[in-house]
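A short write-up of the structure that comes next.
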Amino acid sequence: MTWNGLVLALVAVAALAGIALVLPPWLISLATVSISSGLVVLGLIVLWRAGLVPFGQALYFATGAYAVALASRLLGWSDALALVALGALAAGLLAFLVGFLLARYREIFFAMLSLALSMILYGTLVKSEALGSTDGFNVAPATFLGYAPHGLEQTRALFWLALGLVLVSGTAVQAYFSSIVGALAIPIRDNEIRVEYLGMSVTHIIHLKLVISGVLAGIGGALAALVISHVDPNMAYWTTSGGFVFVTILAGASSVPTAFIGAFVFEVIRSVAVTVLPGAWQMILGSVLLATILFLPEGLGSLARRRVANGDAK
């Protein structure tokens, strides 16, 4: 990321942090939940660029969330930063272990194997009374360096934490995209053999991408657990993974900001659809997905590129 890009990101985060002082609580919560999804989508983009589409990203999302819930319930942890770090570590470790298997597969086999692993976790959570079974369990309110805010203060504090996570994660991923290993994503997607001829191990590179993606999903799951104050097995269900894939299609894989913009747009559309047509909101989401594939196959990020291209043409 260039200095100009970093300064722009800092200004955007500072502006959003200030706006939170006047926004209603429901909108702040909606934005925080969308950021948690955006972090997962950012990890999906890391894989997406290499031609890998996992249908089981909820595996790491739920791992991060349950790590937070269990640490809060069994160990009495409440510090938000420590809990988010724990969620990232737990999901990253799982992604590292699973990566030895997943990194060997491509295309539909990669997608379905990731889905199968996620459903194994779902089945384990549903059948385990110690993990709350189908009902899950609540998460205690978070603290921030010993301070325990309540009500609106808690909502704002979590939103500010989420903005900090966006800044750190986004900067790190952008730096990764600019590195040699990150730039090899498209060559890997187009022709793995040529990359191997360069002396690079495609399997190792994909394994690294899986770990990065898992860590980001774990952070998103940890943040979601803190915001919602509850975890349940549905966090590992295939529909949750499908929702992340939906947002990735909507956002596109062109840049880091599109992950969070797409996630926020998705949450707004879903909230409005549930309010307007509570019995048929899935139809609205399906229509949006269809329209995106037909008219914006490269996602919302392509709109910005088109505007830049039109400006250069003039």
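Each reported figure results from applying straightforward, stated rules to the coordinates on display, with no laboratory input. Predicted, not measured: the structure shown is a model, and the values here were computed from it. Every residue, glycine as well, gets a Cβ built from its backbone with ideal geometry; the counts of neighbours run over all protein chains shown.
Scanning residues 5 or more positions from Asp79 or on other chains, those with amide H under 5 Å from its amide H are Thr143, with H placed 1.01 Å from N in the peptide plane.
In order along the stretch 140-150, the phi-based Karplus estimate (6.51 cos²θ - 1.76 cosθ + 1.60, θ = phi - 60°) of 3J(HN,Hα) comes to 5, x, 7, 10, 10, 6, x, 8, 10, x, 9 Hz; Gly and Pro are listed as x. Computed from backbone phi with θ = phi - 60° and the Karplus coefficients 6.51, -1.76 and 1.60, the 3J(HN,Hα) list for the stretch 182-198 is x, 6, 7, 4, 5, x, 5, 5, 7, 7, 5, 4, 5, 5, 4, 5, 6 Hz; x is used for glycine and proline. Principal axis analysis of the Cα atoms in the stretch 25-313 yields extents of 52, 41, 37 Å, listed in decreasing size. If you take the Cα centroid of the stretch 227-277 and the Cα centroid of the stretch 57-78, the two points sit 20 Å apart. The ranking of Ile206, Ile193 from fewest to most other beta carbons within 10 Å of each one's beta carbon is Ile193, Ile206. Protection proxy ranking of 265-272, 41-48, by the mean of other Cβ atoms within 10 Å over each peptide's residues and highest first, is 41-48, 265-272. Database remark: amide H of His230 closer than 5 angstrom to the amide H of Val139 (H placed geometrically; neighbours at sequence offset of 5 or more, or on other chains; Pro and chain starts carry no H). The amide H of Gly56, built 1.01 Å from its N in the peptide plane, has Leu115 as neighbours under 5 Å, considering only residues 5 or more places off or on other chains. Shown in residue order for the stretch 203-210 are the 3J(HN,Hα) couplings computed by the Karplus curve 6.51 cos²θ - 1.76 cosθ + 1.60 at θ = phi - 60°: 4, 5, 5, 5, 4, 4, 4, 5 Hz (x for Gly and Pro).
Once you have a ≥ b ≥ c as the square roots of the Cα gyration tensor eigenvalues for the stretch 1-142, tell me rounded if a/c is under 1.5, and otherwise prolate or oblate according to whether a/b is larger than b/c. Oblate is the answer for the stretch 1-142, as a/c is 1.5 or above yet b/c matches or exceeds a/b. Think of the stretch 99-215 as having a plus end and a minus end, set by charges on the Cβ of Lys, Arg, Asp and Glu; of His207, Leu121, Leu131, His207 sits farthest toward the positive end of this dipole. Each Lys and Arg contributes +1 and each Asp and Glu -1, all at the Cβ; summed about the Cα centre of the chain, the dipole is approximately 500 debye.
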